[in-house]
Structures are given as C-alpha cells and as structure tokens.
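Engineer: First the structure, then my questions, so here it is.
The values are calculated or read from the model by the stated rules, or taken from the named source; none is laboratory data. On a predicted model such as this, the values are computed, not experimentally measured, just so you know. Here the Cβ positions follow ideal geometry from the backbone for every residue, glycine too, while neighbour counts run over all protein chains shown.
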Amino acid sequence: MQHTYTLEWIDVVITVTLNPKKTNVSEITEAQIEAILSRLANEKASLESQLKHQVFGLTKHKQIELLIKQYHYALIVLLDQAYENQNNCPVKNQALKNLNKTLIKCLDELLSFIEVRFNQYLSLEQRVPVTYLLVSKKDLQKKLDKLKEGLAERLNDQQFMDIVLSPLYIFINDLKENHEVSFKELLYQKELVKELELMEEHEKEMCTYTAFDELLIYLNFNSKAYMDYFTKKLAEKINSKASIADKIDELLIHYKAFKQLHRKPGIVLNAQYADLKTVLCKWFKHELFYLEKKRHLAIMPMDENAPPQNAKEGKKHKIQSVLSVDQMALILRSADELKILIARSMNAVFKSIVPHLSTANKEDISYDSMRSKSYSAETRDKEIVIDTLQQMIDRIQDY
C-alpha cells in the first residue's frame, strides 16, 4: 500500500522557508508568518488524523511498525532542523523567533502523540537524539515549575513533594554528555508529569491510600526515598493502635488494599532498582510475621493455680516454637507427605515429635489434636507458614 508524504508542507516550511542557509529569512513578512501560524494548528490535527487512518489501513504488525518508525524519525530530523533555524534566527526579528518556537512545540507534540499512541511499535530502548532531548527537557521544566506551585498549595507536605519532584528535576538538569537517555526513560518522565497535572484537576482520595500513592504505585515509582516514606507513614499509623491484634488487623487491611492497586506493566522510574510492588509486598509480609511472632511471645499472666517452679523441674525440657499449634501441624504434615520425615505413618510422625514441642501459650500439646488440625488449615496460618519457610530459604542462601 502506497502512502503520500503527509509531512510535505511542514517539511518545506522548516527545511526551506525558515532555513537561513537556503532562504533570506529577513525578507519574510509578518503576513507570511501569520499565514504559516494560522495553518499550523490545522496541519497538526490533520497529520494526527492521517497517521491514524494510515495505521488502521494496515493489517500486518511489521508494516505498521515501519510506518510509525518512519514518521517518528522524520519528525526528529525536522525537529533538529527547526532547532537549528531558531538558533540562527536574526536576533531582532521577534515574530520569526516566535514562529520557530511554535514550530518546535508543534513537532514535540506530534512526537509525543506517536510515542503515547503507538509506543508498542517504537524501539524504546534506543537513545533519544540530543536536540529532541533538549526540547523535551525544556518543555518538562516549564510544566514542572507550574506544577510545583499548585502542589505546594495543596499538599502541605514538603518532604513528600521533594520525593516526587526531585527525580524529575534531576532528570531535567542532568547535562552529562556521556549520559545517554532512552525513549523509555523520557516517556516515563513525560507520563509522570502529565498524570500529576491531571490529578490537580481531578483530585480524589481512596479509602486506604491517597490519590498520590495510587498514582505512584501505578507508575512503579520505585524511588528508595518514596518507599521509605511510604513504609514510615504506614508504620506510624499501625503503631498508633493499642493492641497487637489491632495492629495486625490494620496492617492486613492495608496489605489487601495495596495488592488490589493497579500497576501499569512494563514501566519503572529507575530500572536499576527493585520493583516497587515487590519491595513493599515483602515489607508487609515481614511486618506481619514480626507482629504474629510478638503476639505468640507475649508474656502470659501468672496462673495462681499453677504448680510452683520446682515442681516442673523434673519435667523434660521442651523446644518452644513461635509458630502456633495449627502452623506447626501444617509443617509436620507436609514433611510427612513429601517423605522428608519417614515413619510408619503420619500418626507416628506427630506422636514422636509433638511431645517435645511447646508454644508460648501452651506447654503440653496433644499430638492427636495437632494432627487433626493439619487437615483444617486456615488461610492466615498457611500464609504465615509459607512466609516462615521463605525466610528460612533466604537465610540458607546467605550461608
């Protein structure tokens, strides 16, 4: 399928009409400048529409990919030339300067349109050309400065604002020549700024997490500072509860809500750091395990009817476990079924081991009762056992 060169008009304007090397731009009249400006907006809308029609007219992925890459590359080349025209523009001709500036903005918006709408057809790992990166950073700087003012008025939390905006300003102000930026990195910064702008217009609060938390988790904003801030704030909220049981309930509510938050696949703030959801899920699990352990190790009140200490001296010393009877039952049952522990029967396994075990709340455990409980496991007990075994795996890997 043959396609006409839809960029022809804007190409001629940039490479010929406004190119000081090919045209005496000083002779361009204000009427001609106005004519170009008045057509530019319509031309931009027409280009977007034609590109969509051309893409929808193709059926093969390779054909669409080739078309998108051709448009993307052509627009970057034109952007380079437009930027060069601006730098070589006569100093005193303000109208011409404004025209070049508008053209650069138009090209940047067309590139953003392609990158957002058809990003699956682009090679996002490729390096962003210097001129395009420079133009994009200037545009981000303007948006960010404006955004900062609005956030300062609404957030009333300087620390949180710095955590969110610092990576953006670091990206914009990074002028190292040897630091190559991929399209994937650039698109992330653009999307984050765009979403923050939209949030100013449509602010909403979730029942458990703020709209800002929801956004940053959605965009995998895996800043170490943000993850520390998130866990610190949540820990303060959990620790405000009086009892360990209330703390566990509160933490479980937040954990459930956290796991239900949406995540946009394939994006990340910093590809060198761990995934945000992975790190925070691990934090939730460790905190829950710690609180469960604390609950089982809580000091029990003295029983007035209990025999004196010396009456127990003749008893056999038992191994105390921080796990509950139900949780130990699951471990013993699985060990028997996997033949990690070999005995005549499962009953024999429990009968041989359980008399030597105790918990913080129970000195004498019935082996028959524990065996029975291994067949009626609760979801929470299974989660605690799995997390305990995972921590053992992590410890063994460190040996």
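Engineer: Could you run through region 121-159 and say how many residues are among the polar types (S, T, N, Q) and within 17 Å of residue 103 (Cα to Cα)?
Structural biologist: Summing the residues that are among the polar types (S, T, N, Q) and within 17 Å of residue 103 (Cα to Cα) in region 121-159 gives 2.
Engineer: Check whether at least one residue in region 48-58 is part of a loop (DSSP other than H, G, I, E, B), assigned by TED's automatic domain parsing to the domain that holds residue 114 and surrounded by 17 or more Cβ atoms within 10 Å (Cβ to Cβ), and report yes or no.
Structural biologist: Checking region 48-58: not a single residue is part of a loop (DSSP other than H, G, I, E, B), assigned by TED's automatic domain parsing to the domain that holds residue 114 and surrounded by 17 or more Cβ atoms within 10 Å (Cβ to Cβ).
Engineer: Looking only at residues that are within 21 Å of residue 67 (Cβ to Cβ) and part of a loop (DSSP other than H, G, I, E, B) in region 4-27, which one is modelled with the highest pLDDT?
Structural biologist: So the residue we want is 7.
Engineer: Restricting the search to region 28-47, which residues are surrounded by 15 or more Cβ atoms within 10 Å (Cβ to Cβ) and assigned to a loop (DSSP other than H, G, I, E, B)?
Structural biologist: Once the filter is applied, which keeps residues that are surrounded by 15 or more Cβ atoms within 10 Å (Cβ to Cβ) and assigned to a loop (DSSP other than H, G, I, E, B), region 28-47 yields only 28.
Engineer: Something else: Output the residues belonging to region 85-106 that are assigned to a helix (DSSP H, G or I), surrounded by 15 or more Cβ atoms within 10 Å (Cβ to Cβ) and in contact (Cβ under 8 Å) with a residue 40 or more places away in the chain.
Structural biologist: Of everything in region 85-106, those that are assigned to a helix (DSSP H, G or I), surrounded by 15 or more Cβ atoms within 10 Å (Cβ to Cβ) and in contact (Cβ under 8 Å) with a residue 40 or more places away in the chain turn out to be 85, 96, 99, 100, 102, 103, 106.
Engineer: Do you know which residues across region 235-256 are among the aliphatic types (A, V, I, L, M), exposed (fewer than 14 other Cβ atoms within 10 Å of the Cβ) and more than 26 Å from the chain's Cα centre (by Cα)?
Structural biologist: Correct list: 242, 245.
Engineer: Could you check region 15-40 and list, in sequence order, the residues that are more than 15 Å from residue 86 (Cα to Cα) and either free of Cβ contacts under 8 Å to residues at least 40 places away in the same chain or more than 48 Å from the chain's Cα centre (by Cα) (or both)?
Structural biologist: Selection gives 27, 29, 30, 31, 32, 34, 35, 38, 39.
Engineer: Something else about it: Take the residues in region 107-129 that are of a type in the set (Asp, Glu) and without any contact (Cβ under 8 Å) to a residue 60 or more places away in the chain; name whichever of them is farthest from residue 51 (Cα to Cα).
Structural biologist: By that ranking, first place goes to 125.
Engineer: Does region 48-67 contain any residue that is in contact with a Cys (Cβ under 6 Å, 6 or more places away or on another chain) and either farther than 14 Å from residue 11 by Cα or touching a residue at least 24 places away in the same chain (Cβ under 8 Å) (or both)?
Structural biologist: Taking every residue of region 48-67 in turn, none turns out to be in contact with a Cys (Cβ under 6 Å, 6 or more places away or on another chain) and either farther than 14 Å from residue 11 by Cα or touching a residue at least 24 places away in the same chain (Cβ under 8 Å) (or both).
Engineer: Within region 130-152, work out how many residues are free of Cβ contacts under 8 Å to residues at least 12 places away in the same chain and either in contact with a Lys or Arg (Cβ under 7 Å, 6 or more places away or on another chain) or farther than 15 Å from residue 212 by Cα (or both).
Structural biologist: The number of residues fulfilling the criteria is 6.
Engineer: From the list 173, 88, pick out the single residue that is modelled with pLDDT of 85 or more and within 26 Å of residue 10 (Cα to Cα).
Structural biologist: 88
Engineer: Every residue in region 341-399 that is assigned to a helix (DSSP H, G or I), more than 15 Å from residue 327 (Cα to Cα) and in contact with a helix residue (DSSP H, G or I) (Cβ under 6 Å, 6 or more places away or on another chain), please.
Structural biologist: Within region 341-399, 346, 349, 351 qualify.
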